[in-house]
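Below is one structure, written out as structure tokens; the observations come after it.
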Amino acid sequence: MNSKPYENLTPDAVLDALESVGLRGDGRMLALNSYENRVYQVSLEDDSYVVAKFYRPHRWSEDQLLEEHAFAHELVEREIPVVAPFALDGKTLNTFNDIRFAVFPRRGGRPPELENENVLEWIGRFLGRIHAVGAVRPFNARPVLNVETFGTEPRDWLLASGMIPADLKDTWVTTVDLALRATAHHFQIRETRAIRLHGDCHAGNILWTEGGNTTLGGPHFVDLDDARMGPAVQDLWMLLAGDRPTATRQLRAMLEGYEQFHAFDREQLGLIEPLRTLRLVHYSAWLARRWDDPAFPAAFPWFGTHRYWQDRILELREQTSNMDEAPLDV
């Protein structure tokens, strides 16, 4: 596999890719913050703007990418503010120089004020609507978020990678295994239904625009790149921050809006800390898998150091303890 998948994605190549689907850029472009893919805001000759997203080769299959696009369009058709790719010549997914890409409308905005309970309720209403659509049918090609895909498989990959320092390896293995056993226990005692999710619903993937109760105002959800099947609470917990009372107030506000459109199973509250644990293991493996990409050492210079793995051990021990606590009570 090419360790430098974007080395030929020059500014000229970006413009040529857009021209191949009938969009002529005027030469102005801005690289947007993205590590997994390469994303550019491009100015067109008619003074409009588009966002071109070039997908990392070999990460998703064509069927998986098309499922993401179809889900986004399904949401847009129901007037849910998700940014979906354009269908150019009837296709949302195109290829140029062996790299798949899609073109999106540009959406501005600022991060949502998550300390504002009215904002959280508003976000909750749209998440409820997203999940009401997501529950209608499953993904067929996209994976499921579970202990195997986000825990066991990443753990095994990291063990085989040789990136964990030898003097910490046994301690890391013992700590991860204890955390994953606790995580698996929480999933086993709760029969939770998996639905289609945004999958990576944190504040950075929500753009807030002004305008009141209009089609342009409020939250816009972007970047369905991690969309997959999983428990509904996955799209809620990453928006929580602060101590337990603060997180409880935030979650209560979101559910106030959410449950206007979709029922929420309170049993899933017991999965918040297990899901956080899985994300920590998955994140370490994600960084390790991408380390040959020159963008990653430059952006994450602290990864792989002795201190990094020591901190992860402490973090997972804390998570194992957190999973023993009672779930948030809303």
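Report, as a whole number in µm² per second, the diffusion coefficient that Stokes-Einstein gives for the chain at 4 °C and 1.567 mPa s using the Kirkwood radius over alpha carbon pairs.
For these conditions, the coefficient is 61 µm²/s.
Fewest-first ordering of HIS198, HIS262, HIS131, HIS306 by other beta carbons within 10 Å of each residue's beta carbon gives HIS306, HIS262, HIS131, HIS198. Selection among GLY151, TRP286, LEU316 by position relative to the dipole of segment 117-322 gives GLY151 as farthest towards the positive end (Cβ unit charges, Cα centre).
Within segment 83-182, the ratio Rg/Rh, alpha carbon atoms throughout and Rh by Kirkwood, equals 1.11. Normalised by the number of residues in the chain, the mean separation of alpha-carbon contacts (under 8 Å, six or more apart) gives a relative contact order of 20 percent.
Overall, segment 251-330 carries a charge dipole of about 420 debye about its Cα centre when +1 sits on the Cβ of Lys and Arg and -1 on the Cβ of Asp and Glu, all other atoms neutral. When SER48, SER20 are sorted by how many other C-beta atoms sit within 10 angstrom of their C-beta, beginning with the fewest, the order is SER48, SER20.
Considering segment 190-322 at the alpha-carbon level, its Rg and Dmax are found to be 17.2, 51 Å. Using a cutoff of 8 angstrom between alpha carbon atoms and counting only pairs six or more residues apart, the relative contact order for segment 11-105 works out to 23 percent. Residues whose amide H lies under 5 Å from that of PHE96, counting only those 5 or more places away or on a different chain, are PHE101; hydrogens are built 1.01 Å from N in the peptide plane.
Legend: ranking of residues LEU18, LEU114 from fewest to most surrounding C-beta atoms inside 10 Å; resulting order LEU114, LEU18.
Helical runs assigned H by DSSP (4 residues or longer) give the chain a calculated mean residue ellipticity at 222 nm of -13000 deg cm²/dmol, each run adding -39500 (n - 2.57) before division by the residue total. Across segment 190-320, the mean sequence separation of Cα contacts (distance under 8 Å, 6 or more residues apart), normalised by length, yields a relative contact order of 21 percent. Rg/Rh, computed from the Cα trace of segment 1-120 with Rh as the Kirkwood radius, has the value 0.99.
Placing unit charges on the Cβ atoms only, positive for Lys and Arg and negative for Asp and Glu, gives the chain a dipole magnitude near 280 debye about its Cα centre.
No value in this document is a laboratory result; all are computed from the given coordinates. Worth saying up front: this structure is predicted, and the values here are computed from it rather than measured. Every residue, glycine as well, gets a Cβ built from its backbone with ideal geometry; the counts of neighbours run over all protein chains shown.
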